[in-house]
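Structure first, then comments.
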Amino acid sequence: SQRRVGVPTIEFKVSFFAPARVGTTVWFEGRVLKFGRSVVFAEAAMVDGAGKLLARMSTSVMVVDLEGPGLFAQG
């Protein structure tokens, strides 16, 4: 079944390893590490066109049921 949820951030960390150069293409990839009952753990990486890691972020968010518009989650 699906439910509408909000995901307010309770913690995040960003580590910067190299600058993104003006005029270059950068790519972002994110993934959920664990989708718990009340907390979600996720991470994301930013790389340049050559695949060089520029930044990495990790985050924890709460899962809050919503009455109105929100993201859909399986669960």
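The values are calculated or read from the model by the stated rules, or taken from the named source; none is laboratory data. This is a predicted model, so every value here is computed, not measured. For neighbour counting, all protein chains shown are included, and Cβ atoms are generated from backbone atoms with ideal geometry for every residue, glycine included. With ligands, DNA and RNA removed, areas are computed over all heavy atoms of the protein, side chains included. Shrake-Rupley method; radii C 1.70, N 1.55, O 1.52, S 1.80 Å.
Tabulated results
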quantity: Unmet criterion (only one of (1) open to solvent by less than 90 Å² (accessible area, probe 1.4 Å); (2) at pLDDT 95 or above) for Gly70; calculated: (2)
quantity: Some residue of the stretch 36-44 being at pLDDT below 95 and in contact with a Pro (Cβ under 8 Å, 6 or more places away or on another chain); calculated: no
quantity: Some residue of the stretch 11-30 being closer than 19 Å to Asp65 by Cα and of a type in the set (A, V, I, L, M); calculated: no
quantity: Scope the stretch 1-56; condition surrounded by 14 or more Cβ atoms within 10 Å (Cβ to Cβ), among the charged types (D, E, K, R) and under 15 Å from the mean Cα position of the chain (by Cα); matching residues; calculated: Glu43, Arg56
